[in-house]
1. Which distance in nm do the two modelled labels at A:Thr56 and A:Glu99 give, with both placed 7 Å along the Cα-to-Cβ direction?
2. In the P(r) worked out for the range B:1-137, what percent of Cα pairs fall beyond 22 Å?
3. For the residue pair B:Ser354 and B:Trp221, what label-to-label distance in nm results when each label sits 7 Å from Cα along the Cα-to-beta-carbon direction?
4. Once the cut-off is 43 Å, how many percent of the Cα-Cα pairs in the protein assembly as shown end up in the long-distance tail?
5. Would you mind getting the Kirkwood hydrodynamic radius of chain A from its Cα pairs, rounded to one decimal in Å?
6. Could you work out the helix-only [θ] at 222 nm for chain A, with each DSSP H run of four or more residues adding -39,500 (n - 2.57) and the total divided by the number of residues, to the nearest 500 deg cm²/dmol?
7. For the range B:341-395, max minus min Cα coordinate along each principal axis, in Å, sorted largest first?
8. Shape of the range A:274-344 from its Cα gyration tensor (a ≥ b ≥ c, root eigenvalues): rounded if a/c is under 1.5, otherwise prolate when a/b > b/c, or oblate?
There are 2 protein chains.
Amino acid sequence: MQAMGFESFERILGGVCAPEGFLASGVSCGIKGDGLLDLALVYTEKPAAAAGVYTTNSMKAAPVVFSSERLSRGTARAVVVNSGIANSMTGRRGARDAEVMAAAVESALDIPEGQALVASTGRIGEYLPMEKIEKGIQAAVQDLNPGGNTDAVKAIMTTDTYPKELAAEMEIGGRVVRLGAMAKGSGMIHPNMATMIAVITTDIDIDVETMRNWLGRAVEWSFNRISVDGDMSTNDTVFMMANGAAFPGGYEMSGEEADLFFETLCWLTGSLAVALVKDGEGATKLVRVVVNGAIDDAEAVLVARAIGNSNLVKCAFHGGLPAWGRIAAAVGSSGVPVSTENFSVVIGECEVFSHGVILEFDAAEVESAVNRDEVEITVDIGRGGGSAYFMTTDLSPEYVEFNAQDKS
Amino acid sequence: MQAMGFESFERILGGVCAPEGFLASGVSCGIKGDGLLDLALVYTEKPAAAAGVYTTNSMKAAPVVFSSERLSRGTARAVVVNSGIANSMTGRRGARDAEVMAAAVESALDIPEGQALVASTGRIGEYLPMEKIEKGIQAAVQDLNPGGNTDAVKAIMTTDTYPKELAAEMEIGGRVVRLGAMAKGSGMIHPNMATMIAVITTDIDIDVETMRNWLGRAVEWSFNRISVDGDMSTNDTVFMMANGAAFPGGYEMSGEEADLFFETLCWLTGSLAVALVKDGEGATKLVRVVVNGAIDDAEAVLVARAIGNSNLVKCAFHGGLPAWGRIAAAVGSSGVPVSTENFSVVIGECEVFSHGVILEFDAAEVESAVNRDEVEITVDIGRGGGSAYFMTTDLSPEYVEFNAQDKS
């Protein structure tokens, strides 16, 4: 991805409620207990074009199967998300529960059938307490309000330590246009807990095919380039709704306007992705991996993932070790035929290995680079012009301790 | 692999020196310091057919490249192994160093050029101290003796906490035939330390093509089915030498005899693989994963590896959590299109999920199964008749602490 100039948008408050015509709420329906918020609703007063991106895990949770089928029509009015139980590995009963959740939202909001989307996050292998969920949906509909984003973003959290929402506004076609989003949880988390969930809202006027394309690319460059532990959830879901409220008469963006909107979307998803990694379980560092010199970008992603998912590399960064040999071994195990003769590694600003030769680098400088809160690794595999980046964390004893305990 | 009857061989002492005509030694050449043994030599008095299996990492260390090229001729008289430095990522200088090591062995043993094999294990990205290595080779040749296996196996250790050697004898063609082996280190280990190394010896008479085939299959079913941390070394090497000393006049094995020998070889490599996993860094449990119902065995291996390399699954086993949902998520992320409707999970003896339905299992029984020293997981993916097993460890905070410190 090329560097982008973001002069033309401004960050604003309001999360998913920032765009015109969106309301939200977050309530406690009793899955988490202790009065914790665990059911979120996002609603658009006007019909919206809608798209989704989902986990590639073949064991897709019931709400993922349900919502992805439903979104083939490309429109939606509401998204309901519960946290605490993922409705994953729940078979036909789980499929029915996802349907019932959607129907309850449609009935309470008095919107047409087929206009509610569903996502769940939490423990795998448990059935949803449907009575609580249905009461929660009633309450969430009652509570819908233009400042409901702050409760909604808390209600989707599982092991997140802080809520993650963002919004931006820009001028397009002489009008103020807004983008908002909320997200939770990076990668697989906690005892049987799964999932990253994000909901993106906008009041732009956009056709669903374009939105699908842009959302897919924005997710590929953000949420698909992060890892906390290499595990892939059964529930990962990103929804986007565009209600066109900024343009009551409709509007077709020019090329430059489209670029600005897409860049703002990428800034939004990219910033949330960084927040998810930084809040990863046990994470004490953000590690940015850049791979250059691949045959194409897809090959670069393979190599970047191999580095970003290597336990040994992640342990080294936790300990502040300049373990470039582990990076080389991870690259070599990626399946991409990299030769040591064409390989180089830069840690921070310091080149440590180049084209088959161990360089005489300043060890103190390299150690200082791996001891920072944000570590930068750049490798070149000397095969072509493809490149990619990937963001990961260190691996800490706290991660293991956290995931070896049943705190649910 | 089918269950095999091993009635017809007996375990004996002697490791790599158990077969007739093999001598060994282990000396301290000064890489590790403190007088620790760090250079091993295995020598056959008679010419031997020889084969090797190597890491599939594209960043192969210098001794791997050197020995694999050399073994294209299929014969060897000696194997030299140093520990402490892996001679990996060392470019042309490392390639020369591997050559010099082999030449020093050939010269000191007065054997023809091309008959010495080389392996190295230890830190990546450091050059070998060749003066020490060459003096060590002289000393190792002087020390060669029929009981040298006990020093040799210590001299190849890096972070192993105990030496691993095995031998067996059986009757073939009216003669006693022996197989011996030593091995070290499971998976990637310690700051920049790499590698499993194994050396297998036998006094059977066997042609090199058959030996390559059998060694490849025995390695596939043992060392290729274990993981400590999912990382793949740049140095993994398994050598096998067969000197025919049990049959001075030559001998061609019958089908039954060949089966017995191959089964004994599989017992040897399989037992060493278990020892490597059990001695994995920070490991407190052995986890045996069995996958049934795959389209073919190769697909089953993919699924078994995905379970065995999942950090979340391994953390759960460390904590004794019956986290079958994590197992399902790992299966779903394997790339194999498994449907929850055709999926089942058995933990220990207890089926917890079957064909889309969460079963009413005895939670105490499942918890007891995951709290044992050896945990058994069986999944069925309902696609065909392929199966595979995989052995892994739990993931402990100690693993992370160990690999975040520079103890080298």
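1. 3.1 nm
2. Working: 3870 of 9316 pairs.
Considering the range B:1-137, 42 percent of its Cα-Cα pairs are separated by more than 22 Å.
3. A separation of 3.0 nm, rounded to one decimal place.
4. Working: 117102 of 332520 pairs.
The calculated P(r) of the protein assembly as shown puts 35 percent of pairs beyond 43 Å.
5. On the way: mean 1/r = 0.0456 Å⁻¹.
Computed over Cα pairs of chain A, the Kirkwood hydrodynamic radius comes out at 21.9 Å.
6. Working: 11 runs with 131 residues, N = 408.
Result for chain A, helices only: -10000 deg cm²/dmol.
7. The principal-axis extents, from largest down, are 31, 27, 18 Å.
8. Values: a/c = 2.49, a/b = 1.53, b/c = 1.63.
Oblate, since a/c reaches 1.5 and b/c is not below a/b.
Every number here is computed from the coordinates shown, using simple stated rules; none is lab data. Since we're looking at a predicted model, the values are computed, not measured. So basically every Cβ, Gly included, is an ideal-geometry build from the backbone, and we count neighbours across all protein chains shown.
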